1. Check the stretch B:44-51 and report whether any residue there is more than 13 Å from every other protein chain (Cβ to nearest Cβ), near DNA strand C (Cβ under 10 Å from one of its atoms) and surrounded by fewer than 18 Cβ atoms within 10 Å (Cβ to Cβ).
2. Report every pair of residues separated by at least 6 positions or lying on different chains whose Cβ atoms are under 8 Å apart, first residue within the stretch B:13-36 and within 14 Å of chain A (Cβ to nearest Cβ) and over 23 Å from B:PHE326 (Cβ atoms), second more than 12 Å from DNA strand C (Cβ to nearest atom) and modelled with pLDDT of 95 or more.
3. Taking only pairs six or more apart or across chains, which ones have beta-carbon atoms under 7 Å, a first residue in the stretch A:292-314 that is farther than 10 Å from A:SER266 by Cβ and within 11 Å of chain B (Cβ to nearest Cβ), and a second residue that is at pLDDT below 95 and part of a helix (DSSP H, G or I)?
4. Quick check on A:TYR65: is it under 39 Å from the mean Cα position of the chain (by Cα), of a type in the set (Phe, Trp, Tyr) and either within 27 Å of A:ILE131 (Cα to Cα) or within 12 Å of DNA strand C (Cβ to nearest atom) (or both)?
5. Only one of these conditions is not met by B:ARG66: (1) within 11 Å of another protein chain (Cβ to nearest Cβ); (2) crowded, with 18+ Cβ neighbours inside 10 Å; (3) more than 12 Å from DNA strand D (Cβ to nearest atom). Which number is it?
6. Looking for whichever is among the aromatic types (Phe, Trp, Tyr), surrounded by fewer than 21 Cβ atoms within 10 Å (Cβ to Cβ) and within 20 Å of B:ASP202 (Cα to Cα) here; the options are B:TYR79, B:TYR109. Which one fits?
7. Does the stretch A:294-345 hold any residues that are in a helix (DSSP H, G or I) and within 20 Å of A:ALA181 (Cα to Cα), and which are they?
8. Looking at B:ARG30, B:ARG14, can you tell me which residue is within 10 Å of DNA strand D (Cβ to nearest atom) and either in contact with a helix residue (DSSP H, G or I) (Cβ under 8 Å, 6 or more places away or on another chain) or among the charged types (D, E, K, R) (or both)?
There are 2 protein chains.
Amino acid sequence: MLNRKNITIKDIARLAGVSAGTVDRVLHNRGRVSTEALGRVNKILEEIDYKPNVIARTLGSNKTYRIAALIPNPEQDPYWAQSRAGIRQAEAEWTHYNVHVEPFFFDLYNKESLKVVAEAVHDAKPDGILIAPIFYHEVLPFFELYRSSNIPFVFFNTNISEVSPLSFIGQNLYQSGRVGAELINLSQHNEGRLAVLHIDEDIQNSVHLLEKEKGFREYFEEKNSAFKIETLNLGSKEGASFETQMSNLLSDPNLKGLFVSTSRGSFIAASFLKKLNKNNITLVGYDMLEENLQHLREGTINFLINQNPKRQAFLGINYMADHLVFKKPTPTQDLLPLEVITRENLQSYVNSGIH
Amino acid sequence: MLNRKNITIKDIARLAGVSAGTVDRVLHNRGRVSTEALGRVNKILEEIDYKPNVIARTLGSNKTYRIAALIPNPEQDPYWAQSRAGIRQAEAEWTHYNVHVEPFFFDLYNKESLKVVAEAVHDAKPDGILIAPIFYHEVLPFFELYRSSNIPFVFFNTNISEVSPLSFIGQNLYQSGRVGAELINLSQHNEGRLAVLHIDEDIQNSVHLLEKEKGFREYFEEKNSAFKIETLNLGSKEGASFETQMSNLLSDPNLKGLFVSTSRGSFIAASFLKKLNKNNITLVGYDMLEENLQHLREGTINFLINQNPKRQAFLGINYMADHLVFKKPTPTQDLLPLEVITRENLQSYVNSGIH
DNA sequence: TTGAAAGCGCTAACAT
DNA sequence: ATGTTAGCGCTTTCAA
């Protein structure tokens with residue numbers, strides 16, 4: 001509260017009997033400092049609580065940083081459009097510090113395109129990379145490449161912990177499944193059938209979806225629940241077989257609840273429910289896509305678990321930028337809250353931008 | 001993506017044929033500029049997209065800002081301790097820009113103390129004020145005073161819209177009540193009694209609590225629900241009458257749900273429920289106090305609606321600082337999401353600091 | 001290896 | 001009313 005006046009480099013220089021330039025050199029160990037000078041400066045630094053003025057630093061160094069953001073084409077999926085929005089918002093807050101974000105989009109339905117883009121990112125020689133590494137196999141080799149070029153990377157949405165990114169932003173998928181189970185268990189008191197629906201093109205993705213399923217199942221197992229749980233894997237191409245399987249499932253009067261593990265799957269399942277006019281089946285889905293919100297308002301979807309892609313990406317840029325400009329240590333992992341969206345709190349989430 | 005190189009004051013000066021000093025004067029309309037000069041500079045400014053470099057600005061002006069934060073003594077209530085934490089966190093992020101926060105605590109159980117502190121705040125002549133104006137009557141006169149001294153103020157937690165603060169951060173209380181109703185309605189399918197409990201010293205506060213109650217009741221009215229809803233106003237001094245009323249209420253086997261409108265009331269009600277060993281009554285309460293979390297884990301409390309006091313205060317400082325240092329327009333109102341905390345998503349909220 | 005000096009973009013005091 | 005100048009605190013180049 002009291003002592004205004006921060007310690008500056010000049011102060012240190014004076015105390016150590018050297019010049020500001022020398023202090024700067026030891027602060028950033030740029031070398032070219034005699035052992036004595038180094039010793040004297042370090043001594044002062046230990047005695048004193050010096051906090052560099054980051055404002056002056058960015059102005060003085062006049063350095064700019066470029067962050068490459070590698071995500072699926074936002075035009076292909078509203079989920080990724082939200083990530084894009086988060087990136088934009090973060091970028092706006094960091095331009096002051098001369099950090100700029102260069103987006104790189106790959107084709108959500110073409111894994112090879114990720115390789116092409118990952119290569120392009122490397123060629124662009126950014127100072128840092130934010131990536132949603134959704135195609136494990138294709139993208140894996142690139143992280144060695146990035147590391148050998150000394151380009152730090154942070155993950156969001158999907159983790160690949162083996163390659164230890166600077167940071168990962170996402171959610172606890174197992175726990176997410178448990179929340180889904182809890183919500184169904186809350187609103188359905190009787191026994192009956194429950195179904196876990198994985199509606200997704202991509203089998204590889206299923207490693208993550210299985211994590212949700214595991215949480216979902218274990219919740220009921222722990223409760224010794226009488227619910228019978230089954231799983232359906234469905235491509236989202238709404239072919240004849242898809243229709244048949246869905247209709248078969250949903251027409252069973254004994255079906256009490258549906259846990260849909262993907263965001264697009266949520267409204268696909270909901271539209272079936274609506275068509276068949278089944279409104280006593282509890283449907284728990286994912287994410288605040290416009291279509292999902294509509295079904296939530298109408299009551300076809302009962303709960304959405306919000307993965308908050310916007311905030312994930314927003315934080316991703318933030319951590320990367322903090323690392324770059326402030327050399328601030330980033331959390332190796334940031335697992336966001338498992339937000340439960342209902343009909344009544346929906347609007348409060350829509351109204352508040354990033355939260 | 002392309003044009004690096006921002007436009008600087010020097011550029012404008014050159015284009016307008018004046019000096020940087022003159023440009024600076026028109027930019028901040030400090031006067032002492034001839035009409036011609038002013039015209040020429042403004043012309044350039046219109047033609048060009050000049051964005052002042054805020055980094056250079058703060059460094060150059062070497063100005064410091066002081067924000068006074070007026071909240072109840074955090075030691076008296078964990079709810080306010082969370083606000084305090086939010087203020088601290090925001091302050092840490094703004095010290096770069098030379099904004100400092102001076103906390104002023106008043107006695108939560110002594111309204112007069114707010115007047116004393118509000119006066120002290122005025123004497124301190126801060127550049128801005130963040131306040132939780134919970135004692136309407138006592139604090140009202142001060143806003144004219146602050147305004148006459150040209151000190152901007154933002155509210156959080158409680159709004160007094162008549163005095164139009166720079167910004168208000170809080171939640172939609174009516175909707176909050178509806179969420180409470182929804183949660184009970186979801187888990188209780190049969191008819192029976194429901195009770196709204198206002199457990200609070202302060203009758204004045206009830207104007208806010210009534211807003212929640214209104215939402216709660218209207219939800220069921222719209223549904224033509226068979227639930228019978230009653231209200232109990234209880235001081236939190238746990239006297240004999242308090243005990244009696246609670247016991248009477250809770251011992252009714254027909255009681256299905258409890259909506260407790262205050263954060264401390266939540267665990268007080270929960271402990272009664274626990275003592276009486278009633279575990280088929282749905283209890284919806286407020287806020288992530290440690291005691292509440294414990295009851296949520298044990299299952300005595302079924303849902304908490306999170307008012308997120310930490311984030312409220314955090315944003316309050318942010319808006320004030322944005323206003324002060326960046327002259328950034330602040331939202332007149334920021335209503336935070338109505339977060340639903342359950343046993344299964346609780347930990348994910350605890351783990352993620354501010355979200 | 002070191003210090004001096006210029007500069008980042010803007011502000012503000014000071015001559016004129 | 002206007003331009004010049006000296007900072008703000010740090011970085012970086014350039015002589016020495």
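1. Within the stretch B:44-51, one or more residues are more than 13 Å from every other protein chain (Cβ to nearest Cβ), near DNA strand C (Cβ under 10 Å from one of its atoms) and surrounded by fewer than 18 Cβ atoms within 10 Å (Cβ to Cβ).
2. Hits for this filter: zero, empty list.
3. A:ASN302/A:SER187
4. Judged against the criteria, A:TYR65 is a match.
5. Only one criterion in (1) within 11 Å of another protein chain (Cβ to nearest Cβ); (2) crowded, with 18+ Cβ neighbours inside 10 Å; (3) more than 12 Å from DNA strand D (Cβ to nearest atom) is unmet by B:ARG66, namely (2).
6. Details: B:TYR79 fails: surrounded by fewer than 21 Cβ atoms within 10 Å (Cβ to Cβ).
When all the criteria are applied, what remains is B:TYR109.
7. Applying the first criterion (in a helix (DSSP H, G or I)) to the stretch A:294-345 yields A:294-298, A:309-326.
Within the stretch A:294-345, A:HIS295, A:LEU296 meet the criteria.
8. Details: B:ARG14 fails: within 10 Å of DNA strand D (Cβ to nearest atom).
Just a single option satisfies the conditions, and that option is B:ARG30.
The values are calculated or read from the model by the stated rules, or taken from the named source; none is laboratory data. Not measured: the values here are computed from a predicted model. For neighbour counting, all protein chains shown are included, and Cβ atoms are generated from backbone atoms with ideal geometry for every residue, glycine included.
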